[in-house]
Each structure stands twice: as structure tokens, then as C-alpha cells.
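The values are calculated or read from the model by the stated rules, or taken from the named source; none is laboratory data. Please read these numbers as outputs of a predicted model, since none were measured by experiment. Backbone-built Cβ (ideal geometry, glycine too); neighbour counts: all protein chains shown. Just so you know, the surface numbers come from the protein's heavy atoms only, side chains and all, with ligands and any DNA or RNA stripped out. Shrake-Rupley method; radii C 1.70, N 1.55, O 1.52, S 1.80 Å.
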Amino acid sequence: MARLSKEERKVSIMTKALELFSKEGFYQTTMPAIAEKIGMSVGNLYNYFTSKEMLAKDLILYIANILGEEIRRINESPISTQEKIEAIVHMYFRIAKERPETIEYFLRVYLSNREVFQNCCEGMICVSAFVTELMIFFEEGVRAGDLKDQDFFSAFGLFMGYLGGMVFLNGEKILPKSLESYEHTISDNIYNALKSR
Amino acid sequence: MPSNPAKLKVIWLQGITCNGNTHSFLNDPALGTLLETIEFIHHPLLPCQKTLKELVKKVPKSDILIFEGSYNAAFERAGVEMRTLLPALAHKAKHIISMGSCASFGGIFKENDPEHISGIVFDRENASGPLKSMQEKVITLSGCPAHPKWLSFVIDMISAGREILVDEFRRPKELYAYLVHNGCLRNEYFEWKVDSEHFGTKEGCLFYAQGCQGPFTHGSCNKILWNEVSSKTRSGTPCVGCTEPTFPKRELFTTKTYMSIPSEMPLGIPKRSYLALAGAAKSFHIKRLEERLIDDHA
């Protein structure tokens with residue numbers, strides 16, 4: 001079997017760490033526990049990440065890049081603004097289903113433990129890849145006359161807060177139906193709330 | 001003792017104008033020196049050899065024809081329509097300078113009659129003006145008004161027989177390759193995305209809310225200062241983009257945004273790159289840049 005490069009090895013460590021962080025939370029997850037999960041010595045783990053905080057930071061960058069790339073593909077598709085909203089909702093719920101640890105990490109680690117990130121991820125730096133694509137989505141929607149011109153964060157909060165909230169409820173097993181069964185109505189609600197009159 | 005070289009013979013003709021470029025020219029502190037190298041066959045204000053009536057009676061040759069103001073074919077000077085007078089003078093001139101944005105692109109006056117008013121070579125961005133066939137000898141000095149030193153630069157270059165490199169609108173690159181943003185004292189505020197909330201203050205960038213067009217306007221206003229001391233942005237007023245063929249735009253003192261994002265990006269900067277960088281810069285709070293530079297109440 002071919003040896004993994006250092007970068008590939010890092011991604012493989014992050015994938016495992018992501019599962020632990022999203023399940024146990026940031027403080028309950030220790031570097032020895034991560035090392036044990038991937039079958040690596042703790043000392044060796046520190047060769048890849050100099051601290052748990054640095055690993056946490058790389059994880060949020062990693063997730064923001066995944067989401068950013070997905071939204072970029074949607075932004076660059078020749079579809080209407082309303083269809084883009086549907087596509088973003090679908091993509092977000094798909095990731096929440098297929099890779100729940102990514103969204104869980106975002107909600108339960110990154111947003112819930114801001115003190116961990118305050119010295120390395122000021123403001124939105126670590127989620128820039130994701131936020132930038134949403135900025136482009138909103139800007140193009142307003143420019144095309146499809147969306148109402150308003151403060152970016154008013155629209156951002158409505159869109160992402162809604163999706164995050166639904167994924168959270170789903171994670172808590174409160175939703176009576178599957179997440180994807182809400183896609184259409186949620187997309188409609190978002191479009192109706194944001195569209196130009 | 002070497003004899004003095006012959007002075008360049010210059011004709012300054014006005015189309016539809018507010019006289020702004022003439023006044024700007026008279027503000028050149030080096031005007032006295034310049035007048036040692038040129039002599040006016042005709043100028044609307046300065047002492048000169050011929051009156052307007054004499055000028056149109058027998059159109060003379062000239063080294064430089066300076067045209068100020070917008071062009072309208074039916075507009076008359078001394079009873080002669082521009083459609084006749086301008087080409088006649090232009091044919092007999094070695095060099096032509098389109099002085100100011102009205103002469104260059106149509107400018108403010110074009111707003112009144114867009115169909116009939118244009119610049120002498122360009123009608124906004126299109127090279128469809130009356131002198132388009134002789135544009136090779138035209139130098140564009142757009143601006144509202146053009147800076148007097150831009151004019152003396154061109155005259156000095158012509159006088160010295162030097163080639164003037166020009167851009168797509170025939171503006172000298174030496175003067176217009178820069179953006180008004182270059183040399184702006186507010187660049188640090190631009191870098192860190194600190195807005196200016198008011199006109200006339202020393203602090204903050206005027207791009208985000210006040211409509212400043214410095215990041216996409218060609219001109220050396222922050223390199224060759226006005227009255228040798230200042231510029232719009234230095235005194236706390238946004239650049240209104242007066243050197244561009246798109247001038248005048250509407251709502252000059254407001255930045256058009258879509259969902260809080262400027263509708264126009266700094267020249268040549270892809271939107272995605274700008275937003276990523278701006279988002280990162282906005283994440284930091286630089287205390288020094290959020291304070292008054294000089295606090296009267298400290």
C-alpha cells in the first residue's frame with residue numbers, strides 16, 4: 001500500500017478527530033484520545049498538530065473549505081437564484097446526513113467554544129471560504145433583481161441560522177420527519193423571506 | 001549667445017464650457033515659466049494675437065490646438081459652427097489637446113443633450129467624435145477640470161519633441177496609469193476596511209459608504225497635488241471619478257452596494273479575492289485606526 005503524504009496523513013487525522021470533537025465536545029476530547037483512535041503515539045500526533053487548539057483551527061478551515069467549494073459550484077451553475085437556494089439547502093442537509101460530524105463540529109465546537117478560537121480565528125477568518133461564497137450568492141441575487149437589498153448579516157443569519165437550527169433539531173432527534181423531507185418548504189420559506197417584492 | 005527657441009504657437013478654443021479648465025490653467029504656479037515657451041494665437045482670457053473673429057476669418061496654422069468644453073456640431077463661435085471651425089483648426093494643428101472631461105468624452109454638458117453632444121474624439125467610451133480620424137495627434141487630458149500641471153507636462157513633452165505614451169483613451173500614461181487611490185493618505189484605512197462616516201474628517205476610507213471612486217479612477221490627483229497641497233480624498237471628499245468616460249455618474253456621494261457589498265470592485269480585483277481579503281481584514285479591530293488622529297478633547 002502506498003505511503004500517505006504528510007498532508008494526506010493530516011487529513012486522515014482530522015477526519016478521526018472530527019468524529020471525536022463533534023461527539024464529545026472540545027474540552028472532553030484529549031490529544032491522547034485522538035491519538036488512540038487513529039492508532040498513533042501521542043508524540044507523533046504532535047508532529048502534525050502542535051496543540052489541540054491548532055488542530056481545532058485546522059478543522060474549521062477544512063470544513064469551511066468543503067462548504068465553500070460546494071457553494072462555489074452552485075454559484076457558478078447556470079441556474080436561477082431560487083434554484084440556487086434549493087441547491088444550497090440540499091447540499092447542506094446532504095452533508096449533515098452523510099458527514100454529520102462536519103456540521104456538528106461547526107455548531108457544537110466552533111460556534112459554542114469561541115474562546116478556543118479567539119486567538120487564531122478572529123472574526124470570520126477561519127470560515128472565510130464559506131462566508132465569501134455566501135456573500136457572492138447574495139450579491140449576485142440582489143444584482144439580478146431577485147433578492148431584496150438589505151444588510152448582509154440580516155440575510156446571512158436568516159439563511160444559515162435556519163439551516164443550522166434544523167440540523168440541530170435533527171441531531172437532537174426532535175424532528176418527526178427526515179431532514180430531506182423539509183428541503184422544499186425550507187427553500188420556499190427562505191426564498192419568500194429574501195426575495196425582492 | 002544662443003538664440004531663444006521659437007515659442008510654440010497655441011490656439012485655445014472653447015466649445016460648450018463652464019471655463020473650469022481655463023481657470024484651472026490660470027492656477028498653475030509655473031504659468032509664468034510656461035508662457036515663456038508658448039504664445040497664444042488665441043485664448044479666451046489671456047492676451048493673444050487674434051480675437052475670435054480674426055481667428056475664424058483666416059484659420060491659422062498652430063503647433064497646438066487646445067480644445068476646452070463639449071462638442072456640438074451646431075454650436076457657434078464668432079458665427080461659425082463647430083462642425084466647420086473645429087476640423088479646420090484641427091487640420092492645421094500639429095498637436096491637439098482635449099482639455100477636460102467635456103472635450104474628452106462629453107462630460108457634464110452631454111447630460112443636457114446626449115444625442116448631439118460629445119467629446120472631440122470620444123463620445124463617452126466610443127471613438128465616434130468629429131476628430132476620430134485624426135486621433136493620432138490628439139492627447140486626452142480628461143478631468144473636471146484637468147490639473148494645470150497635466151497640461152504643462154504635455155506642452156513640455158511636445159516642446160522637447162518627446163513621445164507621449166498614451167492609454168486606450170489617448171491619456172498620457174505618465175499621468176493616468178495611476179489610480180486616484182495611489183498615494184491616497186487613507187490607504188491604511190482601506191486595507192483594514194475602516195469606514196469614514198463623515199465628509200471632511202482625516203480618518204477612515206471613503207470607499208465603503210461615501211462613494212469614493214479612487215480605486216477605479218485613473219488619475220494622478222494624489223501624486224500631483226491640487227494647488228500643490230491637497231486632493232479631494234486628502235481633504236475628506238470622495239473622488240467622483242471625473243477623469244473617466246463614465247463621468248458624471250449618479251448619486252456620487254453614496255457607494256452603491258448589493259447586500260452590503262460594493263457593486264464595483266477596485267480595478268482588476270476579482271470579486272471573490274476582494275471579499276475574502278476584506279472579510280479577513282474586517283475581522284480585526286485596530287484600535288489606532290478607530291481613533292481620531294488628532295483628538296481635540298484629549
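Among residues belonging to region B:200-241 that are among the aliphatic types (A, V, I, L, M) and more than 14 Å from chain A (Cβ to nearest Cβ), point out the one that is least open to solvent (accessible area, probe 1.4 Å). Explain how you work it out, then say what you get.
Going through region B:200-241, the residues among the aliphatic types (A, V, I, L, M) turn out to be B:206, B:209, B:224-225, B:229, B:240.
Within this subset, residues satisfying the condition of being more than 14 Å from chain A (Cβ to nearest Cβ) are B:206, B:224-225, B:229, B:240.
Values: B:206: 3, B:224: 38, B:225: 39, B:229: 107, B:240: 19 Å².
The selected residue is B:206.
Any idea which of (1) under 29 Å from residue A:121 (Cα atoms); (2) crowded, with 17+ Cβ neighbours inside 10 Å; (3) modelled with pLDDT of 90 or more is the one residue B:280 doesn't satisfy?
Here residue B:280 clears every test but (3).
Table: residues versus (1) assigned to a helix (DSSP H, G or I); (2) in contact with a His (Cβ under 7 Å, 6 or more places away or on another chain); (3) among the aliphatic types (A, V, I, L, M).
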residue: B:18; (1), (2), (3): no, no, no
residue: B:23; (1), (2), (3): yes, no, no
residue: B:28; (1), (2), (3): no, no, no
residue: B:33; (1), (2), (3): yes, no, no
residue: B:36; (1), (2), (3): no, no, no
residue: B:41; (1), (2), (3): no, no, yes
residue: B:47; (1), (2), (3): no, no, no
residue: B:55; (1), (2), (3): yes, yes, yes
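Please go through region A:23-61 and give me each residue that is open to solvent by 50 Å² or more (accessible area, probe 1.4 Å) and within 13 Å of the chain's Cα centre (by Cα), ordered by number.
Within region A:23-61, just A:61 meets the criteria.
Restricted to region B:172-183, and to residues that are touching a residue at least 40 places away in the same chain (Cβ under 8 Å) and open to solvent by less than 20 Å² (accessible area, probe 1.4 Å), which residue is farthest from residue B:156 (Cα to Cα)?
Among residues in region B:172-183 that are touching a residue at least 40 places away in the same chain (Cβ under 8 Å) and open to solvent by less than 20 Å² (accessible area, probe 1.4 Å), the one farthest from residue B:156 (Cα to Cα) is B:180.
If residue B:273 meets every condition in (1) within 14 Å of chain A (Cβ to nearest Cβ); (2) in a loop (DSSP other than H, G, I, E, B) apart from one, which number is that one?
All conditions are met except number (2).
Could you tell me which of the residues B:81, B:39 is among the charged types (D, E, K, R), open to solvent by 20 Å² or more (accessible area, probe 1.4 Å) and over 25 Å from the mean Cα position of the chain (by Cα)? Before the answer, list the steps.
Numbers: B:39 fails: over 25 Å from the mean Cα position of the chain (by Cα).
Just a single option satisfies the conditions, and that option is B:81.
I need a count of the residues in region A:121-172 that are facing another protein chain (nearest Cβ under 8 Å) and among the hydroxyl-bearing types (Ser, Thr, Tyr).
Count: 2.
Can you tell which of B:251, B:244 is open to solvent by less than 70 Å² (accessible area, probe 1.4 Å), in contact (Cβ under 8 Å) with a residue 24 or more places away in the chain and acidic (Asp, Glu)?
Values: B:251 fails: open to solvent by less than 70 Å² (accessible area, probe 1.4 Å).
Matching residue, one of B:251, B:244: B:244.
Name the residue that is farthest from the other protein chains (Cβ to nearest Cβ), counting only residues in region B:254-264 that are buried (at least 17 other Cβ atoms within 10 Å of the Cβ) and touching a helix residue (DSSP H, G or I) at 6+ places or on another chain (Cβ under 9 Å).
At the first step, the residues of region B:254-264 found to be buried (at least 17 other Cβ atoms within 10 Å of the Cβ) are B:255, B:257-262.
Narrowing further to those that are touching a helix residue (DSSP H, G or I) at 6+ places or on another chain (Cβ under 9 Å): B:257-262.
Details: B:257: 8, B:258: 4, B:259: 4, B:260: 4, B:261: 4, B:262: 9 Å.
In this case the residue turns out to be B:262.
Would you check which residues across region A:67-91 are open to solvent by 40 Å² or more (accessible area, probe 1.4 Å) and in a helix (DSSP H, G or I) and list them?
Hits for region A:67-91 are A:69, A:72, A:73, A:82, A:83, A:86, A:90.
Please find, among B:128, B:118, the residue that is over 29 Å from residue B:234 (Cα atoms), among the hydroxyl-bearing types (Ser, Thr, Tyr) and open to solvent by 60 Å² or more (accessible area, probe 1.4 Å). So that I can check it myself, show each step before the final result.
Values: B:118 fails: open to solvent by 60 Å² or more (accessible area, probe 1.4 Å).
That would be B:128, the only listed residue that is over 29 Å from residue B:234 (Cα atoms), among the hydroxyl-bearing types (Ser, Thr, Tyr) and open to solvent by 60 Å² or more (accessible area, probe 1.4 Å).
Quick test for you: out of B:137, B:110, B:94, B:149, pick the one residue that is more than 26 Å from residue B:220 (Cα to Cα) and either touching a residue at least 40 places away in the same chain (Cβ under 8 Å) or buried (at least 24 other Cβ atoms within 10 Å of the Cβ) (or both). First the steps, then the outcome.
On the way: B:137 fails: more than 26 Å from residue B:220 (Cα to Cα); B:110 fails: more than 26 Å from residue B:220 (Cα to Cα); B:149 fails: more than 26 Å from residue B:220 (Cα to Cα).
Just one listed residue meets the conditions, B:94.
Looking at region B:152-170, which of its residues are touching a residue at least 60 places away in the same chain (Cβ under 8 Å), in a helix (DSSP H, G or I) and closer than 21 Å to residue B:222 by Cβ?
Within region B:152-170, just B:152 meets the criteria.
Hey, can you tell me all the residues within region A:103-156 that are open to solvent by 40 Å² or more (accessible area, probe 1.4 Å) and closer than 22 Å to residue A:197 by Cβ?
Keep residues of region A:103-156 that are open to solvent by 40 Å² or more (accessible area, probe 1.4 Å), which gives A:108, A:111-112, A:114-115, A:118-119, A:122, A:124-125, A:140, A:143-146, A:148-151, A:153-154.
Listed by number, the residues that qualify are A:140, A:143, A:144, A:145, A:146, A:148, A:149, A:150, A:151, A:153, A:154.
Condition test on residue B:75, is it under 25 Å from the mean Cα position of the chain (by Cα), over 17 Å from residue B:6 (Cα atoms) and either modelled with pLDDT of 95 or more or open to solvent by less than 50 Å² (accessible area, probe 1.4 Å) (or both)? Quick ask: steps written out before the conclusion?
Working: under 25 Å from the mean Cα position of the chain (by Cα): yes; over 17 Å from residue B:6 (Cα atoms): yes; either modelled with pLDDT of 95 or more or open to solvent by less than 50 Å² (accessible area, probe 1.4 Å) (or both): yes.
Yes; evaluated as a whole, the condition is true for this residue.
Return only the number of the condition from (1) within 9 Å of another protein chain (Cβ to nearest Cβ); (2) in a loop (DSSP other than H, G, I, E, B) that residue B:280 does not satisfy.
(2)
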